[in-house]
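Trainee: Below is one structure. I have some questions about it.
Here, each number is a calculation from the coordinates, and none is a lab measurement. Please read all numbers here as calculations on a predicted model, not as lab measurements. Cβ sites come from the backbone with ideal geometry, for glycine too, and all protein chains shown count toward neighbours.
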Amino acid sequence: MNSFIKNILFWLVVGLAIVVVWRLYSQHQPRPTELTFSEFFEQVESGEISEVVIRGPEIEGQLKSLDATGQPRTFQTYAPEYDQLVDELRKYGIKITAQKRRESNYLITILSWAPILIFAGIWIFFMRQMQSGGNKALSFGKSKARLSSTQGKKVTFNDVAGVDEAKGELEEIIEFLKEPQKFQKLGGKIPKGVLLMGPPGTGKTLLAKAISGEANVPFYSISGSDFVEMFVGVGASRVRDLFEQGKKHAPCLIFIDELDAVGRHRGAGLGGGHDEREQTLNQLLVEMDGFESNEGVILISATNRPDVLDPALLRPGRFDRRVVVSLPDVRGREEILKVHTRKVPLGEDVDLAVMARGTPGFSGADIANLVNEAALNAARYLQTTVNMRDFETSKDKVLMGSERKSLIITEEEKRVTAYHEAGHALLALLLPDTDPLHKVTIIPRGMALGVTQQLPTDDRHNYNRAYLDSQIAVLMGGRVSEEIFLDNLSTGAGNDFERATELARKMVCEWGMSQEMGPIIFGKKEEQIFLGKELSQRVEYSEKTADKIDTEIRKIVIEGYEKAKEFLTKNRDSLERIAATLLEREVLDGKQVAQLARGETLAPIQPDPPLPPKEDPSPAEKPDAEKKIGQPPVAADPLKQPG
């Protein structure tokens with residue numbers, strides 16, 4: 001209960017206490033004696049009345065006798081219309097006072113009813129809270145699905161780009177809802193479920209929002225984690241309530257985000273007991289395709305882990321249509337850039353097609369972040385437009401991390417990093433079948449002391465043996481360069497060795513690229529979905545085979561190492577020029593590295609524009625940056641694309 005409700009209850013209790021005290025006090029006050037008109041005249045004739053107050057038909061007065069406290073007794077009576085009343089009273093010497101007729105005292109009436117009204121208000125308030133879900137103890141079995149509002153800004157298919165195939169599939173669903181007879185006359189049935197599958201950030205939830213904006217039918221949205229609570233049976237109850245709401249408003253759409261939270265494979269856990277999540281899944285299966293029909297209710301779900309979903313959930317009749325929302329290609333990335341730059345004032349030098357080619361592997365969320373970072377960078381310099389330089393800075397920040405200019409590095413460490421990165425950069429430039437070199441820097445970024453970045457010219461969906469061998473050689477270039485030009489070896493190549501070994505292991509165990517081992521898969525993927533499956537997994541090859549696998553992995557890595565050593569030894573002069581220029585400039589792009597490799601002289605450095613002065617400078621003490629040891633990841637991993 002929030003503080004606002006607590007304050008209301010506090011003042012209600014205070015008011016109730018005041019009313020109760022007032023009522024108790026008023027009860028102890030002496031009350032006048034009620035007399036009939038006959039008794040009143042008897043008292044007048046006996047001379048017991050000393051004075052009276054006449055207010056219309058109401059007469060109040062005092063008796064000459066005293067009460068137990070020693071005060072004159074009072075009385076009250078009502079007289080009919082009697083003209084001689086005043087004369088009779090004057091005859092007996094009674095003091096008479098005439099006043100206006102007393103109006104009704106509404107305040108006293110309200111205060112007398114106040115306790116009942118306060119208790120009734122508190123009761124109504126709590127009943128409304130229970131109906132709206134404020135009382136969790138009474139509403140936990142209700143569905144938490146939210147009905148999309150027709151007001152406010154809508155997301156339409158015009159706001160979704162880069163996933164044309166998925167848009168086509170979903171537009172057909174909306175068309176079926178609008179014109180069902182067009183399909184039903186040929187015997188077609190409306191799909192019961194649509195499953196959106198794809199990596200994170202590709203726009204699955206955005207597509208659902210677009211469906212909500214385009215469809216003129218009720219649209220319910222809920223997360224998979226909203227079904228399961230700590231109470232037994234809550235998930236199944238919420239599933240039933242959700243589909244009951246859908247049936248009442250059919251035709252309608254129901255969207256469940258992150259379906260894997262409730263739709264995981266059954267029977268994979270350890271031990272007995274009652275699994276609440278499985279019961280929720282069972283109820284979902286029955287509601288989607290059970291004895292009762294759900295005509296007009298279409299379920300749309302999104303997940304980035306379709307491999308963990310229960311097979312019964314994926315069969316036809318439940319999720320009839322599976323829509324893959326993959327990473328956008330170069331044309332799709334350009335369309336996404338156009339969507340996100342609609343409200344961004346772009347400079348004349350901005351070419352979105354070039355940006356799209358330079359961001360392979362980016363998802364829609366990555367591109368949105370890229371545009372936002374570019375706009376923020378332009379705002380720092382008080383620019384009126386976002387230029388290409390801002391986009392390049394933003395891309396480097398997203399891909400390689402922010403510059404850590406405050407990190408203190410010794411000259412010796414800087415020299416080691418320069419030769420290490422120069423080895424990577426030169427091999428990326430010289431070796432065939434590699435991704436083009438984009439940029440090399442010895443400025444610490446993120447967790448790295450230096451970074452060599454490669455970007456493919458086209459989207460890669462398949463990798464051949466020559467490309468993978470060259471990639472391993474590029475990874476070995478940093479250590480080889482240290483061996484040739486430096487006396488001591490550093491720990492900076494640790495991450496390079498790890499990635500090269502992982503790549504070689506996949507070549508041998510998963511991709512069948514070893515002549516010795518043949519086209520056979522050894523072992524399964526490292527990521528395990530459930531603990532129960534992991535414990536029951538059997539070893540699929542012998543120790544002798546494992547020794548052969550290790551030998552083949554070592555052979556592939558050593559071949560890459562020897563290839564790197566051969567190329568760098570032949571091009572010692574070029575490597576020294578690149579390393580020396582890196583020490584001087586700290587950042588080189590691919591064209592500049594190619595010029596240095598050919599022995600050409602680079603153009604003078606163009607300084608960055610100065611930041612505008614701050615209006616209210618407040619000096620802050622900055623602690624010395626902690627010195628960190630370790631070498632950065634280098635050339636772009638072909639298996640782990642950015643984003």
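Trainee: Could you run the Karplus curve 6.51 cos²θ - 1.76 cosθ + 1.60 with θ = phi - 60° over segment 160-175 and give me ³J(HN,Hα) per residue in whole Hz, x for Gly and Pro?
Mentor: Couplings: 10, 9, x, 9, 5, 5, 5, 4, x, 4, 6, 5, 5, 5, 5, 5 Hz.
Trainee: Assuming R0 = 35 Å, can you tell me the calculated FRET efficiency for the pair E179 and T205, based on Cβ-Cβ distance, to the nearest 0.05?
Mentor: Details: r = 27 Å, r/R0 = 0.76.
Step by step, r from the Cβ atoms, then E = 0.85.
Trainee: List, in the order given, every pair from K182/K338; K64/K95; K397/K570; K167/K338; K439/K563; K395/K591 whose Cα-Cα distance in the structure shown is over 24 Å.
Mentor: Beyond 24 Å: K182/K338; K397/K570.
Trainee: Between E295 and E81, what is the label-to-label distance in nm when each label sits 7 Å out along the Cα-to-Cβ direction?
Mentor: Roughly 7.7 nm, to one decimal.
Trainee: Based on the mean of other Cβ atoms within 10 Å per residue, sort peptides 298-310, 499-511, 182-194, 335-347 so the most packed one is first.
Mentor: Packing order, densest peptide first, comes out as 298-310, 499-511, 335-347, 182-194.
Trainee: Right, here's the next one. Give me a comma-separated list of calculated 3J(HN,Hα) values for segment 296-307, in order, Karplus coefficients 6.51, -1.76, 1.60 applied at θ = phi - 60°, integers in Hz, x for any Gly or Pro.
Mentor: Using θ = phi - 60°, the values come out as x, 9, 10, 9, 10, 10, 10, 7, 10, 10, x, 6 Hz.
Trainee: Still on this structure, I have one more. Toward the positive end of the charge dipole of segment 310-376, about the Cα centre and with charges on Cβ (Lys, Arg +1; Asp, Glu -1), which of L313, G332, A375 goes farthest?
Mentor: Toward the positive end, the furthest listed residue is L313.
Trainee: Using a simple charge model, +1 on the beta-carbon of Lys and Arg, -1 on the beta-carbon of Asp and Glu, nothing else, what dipole does segment 257-379 show about its Cα centre, in debye to the nearest 20?
Mentor: For segment 257-379, the charge dipole is close to 240 debye.
Trainee: Sticking with this structure for a sec: Rounded to whole Å and sorted largest first, what semi-axes of the equivalent ellipsoid does the C-alpha gyration tensor of segment 162-238 yield via the square root of 5 times each eigenvalue? Intermediate values should be presented prior to the final figure.
Mentor: Values: eigenvalues 149, 71, 26 Å².
Working through the eigenvalues yields semi-axes of 27, 19, 11 Å.
Trainee: Which number do you get for Rg(Cα) / (2.2 N^0.38 Å) in segment 280-360?
Mentor: Cα-based Rg divided by the globular estimate yields 1.74.
Trainee: Which order do the peptides 475-482, 596-603, 488-495, 432-439 take when ranked by the mean count of other beta-carbon atoms within 10 Å per residue, highest first?
Mentor: Result, highest mean Cβ count within 10 Å first: 475-482, 432-439, 488-495, 596-603.
Trainee: Here is a further query. Ranking request for peptides 442-450, 397-405: highest mean number of other beta-carbon atoms within 10 Å first, then the rest in descending order. Don't jump to the answer; show the numbers that get you there.
Mentor: Working: 442-450: 21.7, 397-405: 16.8.
Top of the packing list down: 442-450, 397-405.
Trainee: Quick one: net charge of P456's neighbours, Cβ under 10 Å, K/R +1, D/E -1?
Mentor: On the way: positive: R357, R460; negative: D435, D458, D459.
Combined, the nearby Lys, Arg, Asp and Glu give -1.
Trainee: Can you list residues whose amide H is under 5 Å from V297's amide H, if they're 5+ apart or on another chain and H is modeled 1.01 Å from N?
Mentor: Here the answer is C252, since their amide H atoms fall under 5 Å of that of V297.
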